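Written below as structure tokens is the structure these notes are about.
What follows draws every value from the coordinates through simple rules; no lab data is involved. In this text the structure is predicted, and so the values were computed from the model without any measurement. No Cβ is skipped: glycine too gets one built from the backbone with ideal geometry, and neighbour counts run over all protein chains shown.
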Amino acid sequence: MDSKIDINELDQKMQKDGWVFKGAILNYKNAFKEQASVYEKEGKFVVSGIDSSGKNELFEKISKKEAEKRIKDSIKEISKYMFKQIE
């Protein structure tokens, strides 16, 4: 990846701008390695991270319902992976 985007700096910028981190999501096709974060501010939700090219910031609106569903699904998927590693 040739990207110079630091995901930690991006998170700090989002929080400084008043966005609250709600959770990580997987399988988001517009995101690098299909992984991104969901943030909420004043009842609005966005997907933030690095775009699928790996070169630009990702910032896309998402509905509250879709955000909550994707976060829930991603937590289930991450949990399955974690528990599989323990076995």
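Summary of computed values
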{"item": "Fully extended contour minus Cα-Cα distance, from Lys29 to Lys65, at 0.36 nm per residue", "result": "11.2 nm"}
{"item": "Per principal axis, descending, Cα span of the stretch 7-86 in whole Å", "result": "38, 28, 20"}
{"item": "Amide H within-cut-off set for Ser52, under 5 Å, with H built and near neighbours excluded", "result": "Ala31, Phe32"}
{"item": "The chain - mean residue ellipticity at 222 nm from DSSP helices (-39,500 (n - 2.57) per run, n ≥ 4, rounded to 500)", "result": "-12500 deg cm²/dmol"}
{"item": "Simple label model, 7 Å out from Cα along Cβ direction - Ser79 to Lys13, nm", "result": "3.4 nm"}
{"item": "Loop-resident sites, the stretch 23-67, for trypsin sites (Lys or Arg not before Pro), counting at most 13 other Cβ within 10 Å (DSSP)", "result": "Lys29, Lys55"}
{"item": "The stretch 1-81, relative contact order [Cα under 8 Å, separation at least 6], %", "result": "26 percent"}
{"item": "Distance violations [Cα-Cα > 28 Å] among Lys4/Lys76; Lys4/Lys64; Lys29/Lys84", "result": "Lys4/Lys76; Lys4/Lys64"}
{"item": "Dipole magnitude of the chain about its Cα centre (Cβ charges: Lys, Arg +1; Asp, Glu -1), debye to nearest 20", "result": "320 debye"}
